[in-house]
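Structure first, commentary second.
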Amino acid sequence: MRPIRLDMAGFTVFRDETTVDFTDADFFALVGPTGSGKSTVLDAICFALYGTVPRWGGTRGLANALAPSTAEARVRLVFESAGARYVATRVVRRDSRGNVKTANAGLQLMPPGFDVTKLDTGLAPEDLGEVVAGTPAEMDEAVLEAVGLPYEQFTSCVVLPQGQFADFLHARPATRQQILVNLLDLGVYETVQKRATARAAQAEAKLEAVDQLLAGLTDVDDDTPDRATAQVDRMRELAEEVAAAVPEL
């Protein structure tokens with residue numbers, strides 16, 4: 001996942017509309033004094049994708065998204081993943097009772113060659129591309145499909161919470177292995193393994209059935225087919241004789 005552009009308004013310390021443009025940045029560093037919003041930029045990226053931030057303590061900390069004395073927070077992230085460009089949008093509002101809820105959440109697949117500078121002209125959401133997810137519930141699966149990582153793994157190896165870098169380094173081997181499987185898209189080999197195992201089981205079952213059939217033919221010799229054919233012919237003749245005799249009987 002590579003960020004292209006991040007737009008924020010009313011989000012934590014960014015009360016006014018703020019845009020961070022990563023378009024031409026292969027590598028970048030966020031520098032500034034304590035409290036200037038460096039971590040908030042990373043929080044906004046994580047929030048746009050997954051609807052929460054590690055240091056908020058889960059989705060119950062949604063009220064932290066709102067800047068002081070604001071009733072609405074907007075975050076929009078344009079990013080690239082696996083050669084496709086997406087835009088993730090989330091809007092949080094405080095209602096008249098003081099409850100803070102996600103008012104809007106969506107993920108759109110942008111058309112090839114879309115000029116992100118057009119976002120400055122105030123394009124309508126429907127102009128940004130194909131809607132992949134249109135509700136917070138749909139976002140979970142859609143973002144997982146686009147990014148390739150669930151929230152727990154994204155915050156363990158892509159956007160690490162402050163002071164928790166060592167958690168990834170000291171994670172269990174199985175946990176690190178699963179993260180690498182997701183990052184490198186190695187899940188296809190697990191699918192191949194499962195299908196191969198299923199086909200092998202079917203072949204074993206067929207082989208066992210054939211073995212049982214052959215076991216019942218241990219007394220068969222080369223003359224058996226001829227004797228069987230002669231017996232079938234005799235049965236046909238007998239059937240014809242019976243059919244001819246029935247009317248008289």
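Quick notes on this one:
Condition check ((1) at pLDDT below 85; (2) in contact with an Asp or Glu (Cβ under 6 Å, 6 or more places away or on another chain); (3) of a type outside the set (Ser, Thr, Tyr)) across all residues:
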position: Glu80; (1), (2), (3): no, no, yes
position: Gly83; (1), (2), (3): no, no, yes
position: Arg90; (1), (2), (3): no, no, yes
position: Arg94; (1), (2), (3): no, no, yes
position: Leu107; (1), (2), (3): no, no, yes
position: Thr121; (1), (2), (3): yes, no, no
position: Glu126; (1), (2), (3): yes, no, yes
position: Val132; (1), (2), (3): no, no, yes
position: Gly148; (1), (2), (3): no, no, yes
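- Residues located in the range 97-132, provided they are more than 19 Å from Asp7 (Cα to Cα), open to solvent by less than 50 Å² (accessible area, probe 1.4 Å) and in contact (Cβ under 8 Å) with a residue 24 or more places away in the chain: Val100
- The lone exception for Ala71 - which of (1) surrounded by fewer than 21 Cβ atoms within 10 Å (Cβ to Cβ); (2) under 22 Å from Asp120 (Cα atoms) it fails: (2)
- Remark: Glu141 matches the filter, which requires a residue to be in contact with a strand residue (DSSP E or B) (Cβ under 8 Å, 6 or more places away or on another chain), open to solvent by 60 Å² or more (accessible area, probe 1.4 Å) and at pLDDT 90 or above.
- Residue within the range 11-26 that is touching a residue at least 24 places away in the same chain (Cβ under 8 Å), in a loop (DSSP other than H, G, I, E, B) and open to solvent by 70 Å² or more (accessible area, probe 1.4 Å) present: yes
- Selection within the range 133-148 - touching a helix residue (DSSP H, G or I) at 6+ places or on another chain (Cβ under 6 Å) and touching a residue at least 40 places away in the same chain (Cβ under 8 Å): Val143, Gly148
- Residue within the range 54-65 that is closer than 16 Å to Pro3 by Cα, part of a helix (DSSP H, G or I) and either open to solvent by 30 Å² or more (accessible area, probe 1.4 Å) or out of contact with any helix residue (DSSP H, G or I) (no Cβ under 7 Å at 6 or more places or on another chain) (or both) present: no
- Residue within the range 78-86 that is touching a residue at least 40 places away in the same chain (Cβ under 8 Å), surrounded by fewer than 16 Cβ atoms within 10 Å (Cβ to Cβ) and not aliphatic (A, V, I, L, M) present: yes
The values are calculated or read from the model by the stated rules, or taken from the named source; none is laboratory data. Given the structure is predicted, the values throughout are model-derived calculations rather than measurements. As a convention, Cβ positions derive from the backbone with ideal geometry for all residues, glycine included, and neighbour counts pool all protein chains shown. Just so you know, the surface numbers come from the protein's heavy atoms only, side chains and all, with ligands and any DNA or RNA stripped out. Shrake-Rupley method; radii C 1.70, N 1.55, O 1.52, S 1.80 Å.
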